[in-house]
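Below is one structure, written out as structure tokens; the observations come after it.
The values are calculated or read from the model by the stated rules, or taken from the named source; none is laboratory data. Keep in mind the model is a prediction, meaning the values are calculated, not measured. So basically every Cβ, Gly included, is an ideal-geometry build from the backbone, and we count neighbours across all protein chains shown. Ligands, DNA and RNA are excluded from the accessible area calculation, which covers all protein heavy atoms including side chains. Shrake-Rupley method; radii C 1.70, N 1.55, O 1.52, S 1.80 Å.
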Amino acid sequence: EKGTPWWKDAIVYQIYPASFKDSNSDGIGDILGIISKLDYLEVLGVNALWICPMYASPQVDMGYDISDYQNLHAPYGTVADMEALIEKAHIRGMKVLLDLVINHTSNQHAWFKESRSSKDNPKRNWYIWKPAKYDKDGQRQPPNNWRSNFEGSVWEWDGHTQEYYLHLFAVEQPDLNWEVEETRRAIYNEAMVFWLEKGVDGFRIDTVNMYSKPTDYPDAEITDMGTVLQGAGHLYVNGPRMDEFLNEMNAVLSRYNAVSVGECPLTPDLARVKKYVSAKEKQLDMVFQFDVVDVGQGKSHRYHTKPHNYKLTELKRAVLFSQGLVSPESDSWAAAFMENHDQARSISRFGNDTTPALAIRSGKMLAILNACLSGTLFVYQGQEIGCVNLPKSFPIEDYQDLESRRYYNVAEARCGNDKEELAKVFSVLQYLARDHARSPMQWESTLPDGGFTGEGVKPWMKLNPFTTTINVKQQIHDPDSVLNFWKQMLRLRKNYSALLVHGEFKLVDFDNEHVFSFVKELKGQKALIVCNFCDRESKLPSVTGKKQLLIINTEGSKNDVLNAWEGRVYLLE
Ligand code: TEU
Ligand code: CA
């Protein structure tokens, strides 16, 4: 539609630099590797890239612990490589978004080294330092009972200056103090302007609703010790100065006409989300809400659940919630996504990965669902070829993510020699761990390199052995592959963008626990999308009026009976 900003119709491909493509056979992905695959991405039909943190970092949290915003993690390459990537993407009409991690830095960042050096260092208050409390026995206690996202307290004792510092994530990720204007200015200049001047088109903004903390740091009501994290979560998101900070940040972005997509967890109140993404509020262009990706995860802690522990109506409600941001009347916008670097593979979570045929068919059905959702569409590396989770044969030692390892270690200590209990904990990681999204991209069928790195070179993280049957090389020329089905879906999304990108989402037959059906509507045009989320045949929901079938993910459909994992898109007259 004319006058629509580019990012509304964009199809953004998320790249995890460590695992996308290694160009110099050191087993680690790099920027030159990404450049070597721009043609592949152009043919796929994506027109924007989101590059996960490639900045200098000790890699405690895979680059979400930044030690220098203006330099690259050496194995990934150089700033000049980034300038080349931006230029070569722009030549192809592709936009480039970087990841903006500014709730915290690495503890190796120069700012933190100064801040921790002494209580009267000028940068002391650039981070959040608090004195200890002492209990009735005179025992030193942290300022409050909040738990970190990666286990343990959010407060780390610093013996040198005899105070605690706050870290909502790892000990090695101290939170920046956004209350101090000088700190905010430094963040904008150091982390944003440097790259905006190099032509990046915007940012995916990490934990965007955590910058304004409640200055009194109240204790969380403890439901049970392991879960006080989420119990505290509502205490440290959407704080009192969020609107002010985001307006200030937006003023910098607007100078470069740059787009912002904020990561917005733990925000069940749609009105609060709308405030962040309403155009007139000038805060963010859109947010990633967690409603869809939280389906099947624990309420108190994401891993406090068991595999496949959800109903289809929960997924429908979650999609409806985030789609609610896109409607002709409202000036807000949504991001449509089902995968990213923090989420396990959607075929294994919401489809069926028990056989190759079912993984392919349910992968295509999920492509139909994703490509027909309103808002800006995000595709995560490997989703387009139907990647599935790491096999059950992988032991915990093959899980490298600190969230997985620290969660498992705490469980191991708690379970003692109750092997059965520990196996239950591990089964949840086998289903939901972030590692499933972080194994190297599957370019070819050969192990151990899979075409990700040099012939026979072992990658930094073991390749998913399913690469033998799920890889780009095998699919690129196979008209029936998941890859080619995604290409068709992205083309369909472009051809019917008014309906599929901007249309209003309306659920059909909500209570049906097998079939997910919805209608998209705009200016009298209507499409019907049906997805049979189960292993058995289901009835096609009845709708009035003539239907013209636009695409289907199975051969030989039986009119009003849907095969297992069958998806269809109809134009409704
Ligand atoms: O993730 C933030 C994040 O996932 C938490 O806010 C979430 O609520 C919690 O993990 C429970 O699901 C971002 C990055 O995407 C992630 O990779 C980083 O580890 C994290 O921030 C710290 O930078
Ligand atoms: Ca490399």
Cα gyration tensor category, rounded, prolate or oblate, for the stretch 424-479 with a/c compared to 1.5 = oblate
ask   = What is the helix-to-structure angle for 79-91, meaning the angle in degrees between its Cα long axis and the longest Cα principal axis of the chain, kept from 0 to 90 and rounded to the nearest 10?
value = 30
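State to the nearest 20 debye the size of the charge dipole of the chain about its Cα centre, where the only charges are +1 on K and R beta carbons and -1 on D and E beta carbons. Please report the intermediate quantities before stating the final value.
Details: 64 positive and 76 negative charges, 276 e Å.
With Lys and Arg at +1 and Asp and Glu at -1, about 1320 debye.
Once you've got the Cα coordinates, tell me which of K37/K539; K21/K487; K494/K558; K364/K546 are over 31 Å apart. If you can, show how the numbers build up before the last one.
Numbers: K37/K539 42 Å; K21/K487 21 Å; K494/K558 28 Å; K364/K546 25 Å.
From K37/K539; K21/K487; K494/K558; K364/K546, over 31 Å: K37/K539.
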The chain - percent relative contact order, Cα under 8 Å, separation 6 or more = 13
note = Its Cα gyration tensor gives the stretch 415-573 an equivalent ellipsoid whose semi-axes in whole Å, largest first, are 37, 23, 15
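Percent of alpha carbon pairs in the stretch 456-550 separated by more than 19 Å?
Working: 2704 of 4465 pairs.
Counting every Cα pair in the stretch 456-550, those more than 19 Å apart make up 61 percent.
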query = Using a cut-off of 25 Å between alpha-carbon atoms, which lysines can reach K299, once sequence neighbours fewer than 8 places away in the same chain are excluded?
reply = K213, K274, K275, K311, K316, K392, K419, K424
Accessible surface of M210 - all protein chains present, 1.4 Å probe, nearest 10 Å² = 10
key: Rounded tilt (10° steps) of 402-415 against the dominant C-alpha axis of the chain   = 80
task = Order these peptides, 518-531, 130-143, 419-432, by their mean beta-carbon neighbour count within 10 angstrom, highest first.
result = 518-531, 419-432, 130-143
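From largest accessible area down, sort V180, V154, V43; use a 1.4 Å probe on the protein chains. Mind dumping the intermediate values first?
Numbers: V180 25, V154 0, V43 95 Å².
Sorted by accessible area, descending: V43, V180, V154.
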key: Expected-Rg normalisation [2.2 N^0.38 Å, Cα atoms] applied to the stretch 193-323   = 1.19
remark   = Per its Cα gyration tensor (rounded if a/c is under 1.5, else prolate when a/b beats b/c, else oblate), the stretch 51-139 is best filed as prolate
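Order 275-284, 56-65 from most to least packed using the mean count of other Cβ atoms within 10 Å.
Answer by packing, highest mean first, reads 56-65, 275-284.
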ask   = Could you give the nm distance between label points at R406 and N24, where each point is 7 Å from its Cα heading toward the beta carbon?
value = 3.1
Linear extension gain, S542 paired with E197, 0.36 nm per residue minus alpha-carbon span = 118.8 nm
ask   = Two-decimal Rg/Rh of the chain from alpha-carbon positions, Kirkwood Rh?
value = 0.96
query = What is the pair-distance distribution P(r) of the stretch 280-376, computed from all Cα-Cα distances in 5 Å bins starting at 0, with each bin given as a whole percent?
reply = 2, 12, 20, 24, 19, 12, 7, 3, 1, 0
note = quick shape note, the stretch 336-391: Cα extents on principal axes in Å, largest first -> 32, 22, 16
inquiry  = In whole Hz and in residue order, list the ³J(HN,Hα) couplings for the stretch 366-381 that follow from phi through the Karplus curve 6.51 cos²θ - 1.76 cosθ + 1.60, θ = phi - 60°; x for Gly and Pro.
reply    = 5, 5, 4, 4, 4, 6, 9, 8, 6, x, 7, 8, 10, 10, 9, 3
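Using 1/(1 + (r/R0)^6) with R0 = 60 angstrom and r between the beta carbons of S278 and K419, what's the FRET efficiency to the nearest 0.05? Working shown, then result.
On the way: r = 52 Å, r/R0 = 0.86.
My answer for the efficiency is 0.70.
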request  = Find out how many positive minus negative residues lie around G545, taking Lys and Arg as positive, Asp and Glu as negative, among other residues whose Cβ is under 9 Å from that of G545.
outcome  = +2
ask   = According to the square roots a ≥ b ≥ c of the eigenvalues of the Cα gyration tensor, what is the shape class of the stretch 506-570, taking rounded for a/c under 1.5, prolate for a/b larger than b/c otherwise, and oblate for the remainder?
value = oblate
note = Placing +1 on each Lys and Arg Cβ and -1 on each Asp and Glu Cβ in the chain, then taking the dipole about the Cα centre, the residue among F533, G351, W195 whose Cα reaches farthest towards the positive end is F533
remark   = By the mean-Cβ-within-10 Å protection proxy, highest first, 392-398, 446-452, 170-176 rank as 170-176, 446-452, 392-398
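Test of understanding: express the Cα radius of gyration of the stretch 258-309 as a ratio to 2.2 N^0.38 Å, with N the residue count. Please report the intermediate quantities before stating the final value.
On the way: Rg = 13.6 Å, N = 52, 2.2 N^0.38 = 9.9 Å.
Normalised Rg, Cα atoms only: 1.38.
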ask   = Once you charge only the Cβ atoms, +1 for Lys and Arg and -1 for Asp and Glu, what is the size of the charge dipole of the stretch 504-572 about its Cα centre, to the nearest 20 debye?
value = 380
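Grab the beta carbon distance between E42 and Y134, set R0 = 56 Å, and tell me the FRET efficiency rounded to 0.05. Let's see the in-between values first.
Working: r = 62 Å, r/R0 = 1.10.
Computed FRET efficiency for E42 and Y134 comes out at 0.35.
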Relative contact order of the stretch 504-572, pairs being alpha-carbon contacts under 8 Å that are 6 or more residues apart, as % = 32
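Please tell me the relative contact order of the stretch 409-562 in percent, rounded to the nearest whole number, where contacts are Cα pairs under 8 Å and at least six residues apart.
On the way: 166 pairs, mean separation 16.3, N = 154.
Relative contact order here is 11 percent.
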